[in-house]
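S.K.: Below: one structure in structure tokens.
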Amino acid sequence: MIRTRIAPSPTGKDVHIGSVATALMNYAWAKKNNGQFIIRIEDTDRTRLVPGGEEKMLKTLQDLGIVADESPVVGGPFAPYRQSERLDIYKKYALELIEKGKAYYCTCTPERLNDMRKKQQEEKHIPKYDRHCLKRQEEVKKEIEQGMKYVVRLLVPETEIVFKDLIRGEVRFQSSSIDDQVLLKSDGFPTYHLGVVVDDHLMEISHVLRGEEWLPSTPKHIILYEAFGWKPPEFGHVSLLRNPDKSKLSKRKNPVWASDYIEKGIFKEVLLNYLSLMGWSHPEGKEIFDLSEYIRVFDIKDIQTTAPVFDQIKLEWMNGEYIRQLKVESLKLKVQEYIGATYDTRLIEKSIPLVRERMKKLSDYLPLTEFLFKAPTTYEVDIQGKKDILTKVVSSLEMVSEFSAQQIGDVMMGVARESGLKNSEFFQMLRVAITGKKISPPLNESMELLGKEECIKRILAI
RNA sequence: GUCGCUAUAGUCUAGAGGCCUAGGACAACAGAUUCUCAUUCUGUGAACACGGGUUCGAAUCCCGUUAGCGACACCA
């Protein structure tokens, strides 16, 4: 049985797009194999907890269509799915390791640890716990009985750890470079390492696809699995998304929350489609495809090892492609939902065909069509000197019987010819008079939408 | 600093020893269509990091160098 999971920490205001990318792969792998996809919340760091972060994260994932079979919201056979509610479990397993001699108590203070590391750094040694407490366990136990704060540390054995990464192949580490990891913190919460191993085992996770940043921690996890006598899952480490300068994607340099993109008017399906193309490509070279197709053709063995730069330009191009595929009615609904209910429905609907080719994202709609809802108050070009021509425009417009784009165009061509201006000059002047801008949707059609009266009013206002 | 991962155009990628005078997409540039912008269409420039091997033959395999990134917490 294939069971995958993502284990995000609610330390941000929403789900990180990097998490969305790995969630997508885990989800696809589970669904492709008729398995289950699980969301587990790893909220063991109380100092970094962001209020509301978990709810938002869970909701976004749900909205994106990455739906969990088991999670804190829907529950499941291995509940609870929130680590802060599983404290007893971690404690029990930490004690089991101590009994087996695979872990030990430590009462070293942060101060002592700091001093120790400082000294090690000065002597150019790698900072590593000196096992001060390991040699005095009886003493340490007494200290604990007297109420002293303590942690549980993993006793890292002297060995070589070799494992086969699903994406990178064989990877080996010497355990001598690994510190005796803290497993249980002095506040009774587990560290990531304990929590992730215990839960992945208990929840019967078969495949762990996670960010490359975890690769150096994997030997620690394997040591833990061995200490418990458990079979580790398959690991696959996915490359990290990058900023344009190739550093790890960060909010200082890039929008990183899924909601940043949704709020800009990037479609959810586009975010998934684009993210799926980070480090993976469709076997037929297709760029545009939906989630069900992705699930059908996705395979872990096709995941690339190089770390991709997240390119907003290409993301927006893709969104534009989706926009142009939409029917007028569907795009209208999306636009309405995006801009709110205060705009004239009829105008929105009529304007969609005019701007559909010009939009890359929903936030492009309003800047493009503002002039339809409101007369311009400023003009990008000074057309005061063209008043005599504009007067002729007005009288010609007044005579148009059927105020259609076609008729308006015919009549305006006539005025343009008489005006002595080049077509481009004439129409730019008229465009500015009507819209205030040098660039706009097709002018004749726009004028038709505004109606004869409004057009004349706007020209006379110059 | 130590350990690890990675290395095809500005970017995303195809490529699993001969099919590669390296393919596609975004971006750029040029042209066509056009009342502007956009769409659409056509075209152009642009890459196998470097050095050694292995082989009849290497973008593809091996080693080294360089570079980038990541990890070295009572954070995940």
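S.K.: Yes or no: A:K264 under 16 Å from the mean Cα position of the chain (by Cα), within 9 Å of RNA strand B (Cβ to nearest atom) and basic (K, R)?
M.R.: no
S.K.: Still on this structure: Has the stretch A:185-192 got at least one residue that is in contact (Cβ under 8 Å) with a residue 24 or more places away in the chain, in contact with a helix residue (DSSP H, G or I) (Cβ under 7 Å, 6 or more places away or on another chain) and surrounded by 14 or more Cβ atoms within 10 Å (Cβ to Cβ)?
M.R.: yes
S.K.: Residues that are more than 9 Å from RNA strand B (Cβ to nearest atom), in contact with an Asp or Glu (Cβ under 8 Å, 6 or more places away or on another chain) and either within 21 Å of A:L49 (Cα to Cα) or not in a helix (DSSP H, G or I) (or both): does the stretch A:208-227 have at least one?
M.R.: Checked against the condition, which is being more than 9 Å from RNA strand B (Cβ to nearest atom), in contact with an Asp or Glu (Cβ under 8 Å, 6 or more places away or on another chain) and either within 21 Å of A:L49 (Cα to Cα) or not in a helix (DSSP H, G or I) (or both), the stretch A:208-227 yields at least one hit.
S.K.: Please tell me if A:V196 is under 30 Å from A:A307 (Cβ atoms), within 12 Å of RNA strand B (Cβ to nearest atom) and outside any loop (DSSP other than H, G, I, E, B).
M.R.: yes
S.K.: Follow-up. Quick one: is A:V208 at pLDDT 95 or above, of a type in the set (V, I, T), surrounded by 22 or more Cβ atoms within 10 Å (Cβ to Cβ) and in contact with a strand residue (DSSP E or B) (Cβ under 8 Å, 6 or more places away or on another chain)?
M.R.: Judged against the criteria, A:V208 is a match.
S.K.: Taking into account only those residues within the stretch A:233-243 that are touching an Asp or Glu at 6+ places or on another chain (Cβ under 8 Å) and of a type outside the set (S, T, N, Q), which is nearest to RNA strand B (Cβ to nearest atom)?
M.R.: Ranking the candidates gives A:L240 first.
S.K.: For A:I408, work out the one condition from (1) touching a Phe, Trp or Tyr at 6+ places or on another chain (Cβ under 9 Å); (2) within 10 Å of RNA strand B (Cβ to nearest atom); (3) not charged (D, E, K, R) it doesn't fulfil.
M.R.: The one condition A:I408 does not meet is (1).
S.K.: Also, quick follow-up: Any idea which residue in the stretch A:34-52 is nearest to A:S84 (Cα to Cα), counting only those that are in contact with a strand residue (DSSP E or B) (Cβ under 9 Å, 6 or more places away or on another chain) and not acidic (D, E)?
M.R.: Step one: list which residues in the stretch A:34-52 are in contact with a strand residue (DSSP E or B) (Cβ under 9 Å, 6 or more places away or on another chain), which gives A:35-44.
This time we only want the ones that are not acidic (D, E), so: A:35-41, A:44.
Details: A:G35: 26, A:Q36: 23, A:F37: 20, A:I38: 17, A:I39: 14, A:R40: 11, A:I41: 8, A:T44: 6 Å.
Within the stretch A:34-52, the match that is nearest to A:S84 (Cα to Cα) is A:T44.
S.K.: Inside the stretch A:165-193, can you point out the residues that are of a type in the set (S, T, N, Q) and either more than 8 Å from RNA strand B (Cβ to nearest atom) or under 30 Å from A:T47 (Cα atoms) (or both)?
M.R.: Selection gives A:S175, A:S176, A:S177, A:Q181, A:S186, A:T191.
S.K.: Which of the residues spanning the stretch A:417-437 are of a type in the set (D, E, K, R), within 26 Å of A:K374 (Cβ to Cβ) and not in a helix (DSSP H, G or I)?
M.R.: Scanning the stretch A:417-437 gives a single hit, A:K437.
S.K.: Could you list, in sequence order, all residues of the stretch A:418-462 that are surrounded by fewer than 18 Cβ atoms within 10 Å (Cβ to Cβ), more than 15 Å from A:F403 (Cβ to Cβ) and free of Cβ contacts under 8 Å to residues at least 40 places away in the same chain?
M.R.: Residues satisfying the conditions are A:E418, A:G420, A:L421, A:K422, A:N423, A:S424, A:E425, A:F427, A:I439.
S.K.: A:V74 - would you say it is under 27 Å from A:S281 (Cβ atoms) and either surrounded by fewer than 23 Cβ atoms within 10 Å (Cβ to Cβ) or within 16 Å of RNA strand B (Cβ to nearest atom) (or both)?
M.R.: No: the conditions fail for A:V74.
S.K.: So, one more: Identify the single condition in (1) modelled with pLDDT of 95 or more; (2) away from RNA strand B (no atom under 14 Å from the Cβ) that A:E445 does not satisfy, given that it satisfies every other one.
M.R.: Just one mismatch for A:E445, condition (2).
S.K.: Then there's this: Could you tell me whether the stretch A:147-164 includes any residue that is within 8 Å of RNA strand B (Cβ to nearest atom), assigned to a strand (DSSP E or B) and under 30 Å from the mean Cα position of the chain (by Cα)?
M.R.: No.
S.K.: How many residues does the stretch A:211-241 contain that are under 20 Å from the mean Cα position of the chain (by Cα), small (G, A, S) and surrounded by fewer than 17 Cβ atoms within 10 Å (Cβ to Cβ)?
M.R.: 0
S.K.: With the structure loaded, tell me whether A:G414 is more than 29 Å from A:T345 (Cα to Cα), assigned to a helix (DSSP H, G or I) and not hydroxyl-bearing (S, T, Y) or whether it fails that test.
M.R.: yes
S.K.: If you check every pair at least six apart or on different chains, which have Cβ atoms under 8 Å apart with a residue in the stretch A:352-378 that is within 18 Å of A:K438 (Cα to Cα) first and a residue that is aromatic (F, W, Y) and in a helix (DSSP H, G or I) second?
M.R.: Short answer, once both residue conditions are applied: A:V355/A:Y365; A:M359/A:Y365; A:Y365/A:Y338.
For (1) at pLDDT below 95; (2) over 30 Å from A:P8 (Cβ atoms); (3) in contact with an Asp or Glu (Cβ under 9 Å, 6 or more places away or on another chain); (4) surrounded by fewer than 13 Cβ atoms within 10 Å (Cβ to Cβ), each residue gets a yes or a no:
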| site | (1), (2), (3), (4) |
| --- | --- |
| A:A94 | no, no, no, no |
| A:K102 | no, no, yes, no |
| A:T107 | no, yes, yes, no |
| A:Y150 | no, no, yes, no |
| A:R153 | no, no, yes, no |
| A:V156 | no, no, yes, no |
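S.K.: With A:S446, A:S440, A:S396 as the choices, which residue is in a helix (DSSP H, G or I), in contact with a helix residue (DSSP H, G or I) (Cβ under 6 Å, 6 or more places away or on another chain) and among the polar types (S, T, N, Q)?
M.R.: Testing whether each residue is in a helix (DSSP H, G or I), in contact with a helix residue (DSSP H, G or I) (Cβ under 6 Å, 6 or more places away or on another chain) and among the polar types (S, T, N, Q) leaves just A:S396.
S.K.: Tally time: how many residues in the stretch A:235-279 are modelled with pLDDT under 95, polar (S, T, N, Q) and within 27 Å of A:T218 (Cα to Cα)?
M.R.: The number of residues fulfilling the criteria is 2.
The values are calculated or read from the model by the stated rules, or taken from the named source; none is laboratory data. Treat the numbers as computed from the prediction; the structure is a model and nothing was measured. Note: ideal-geometry Cβ built from the backbone for every residue, glycine included; neighbour counts use all protein chains shown.
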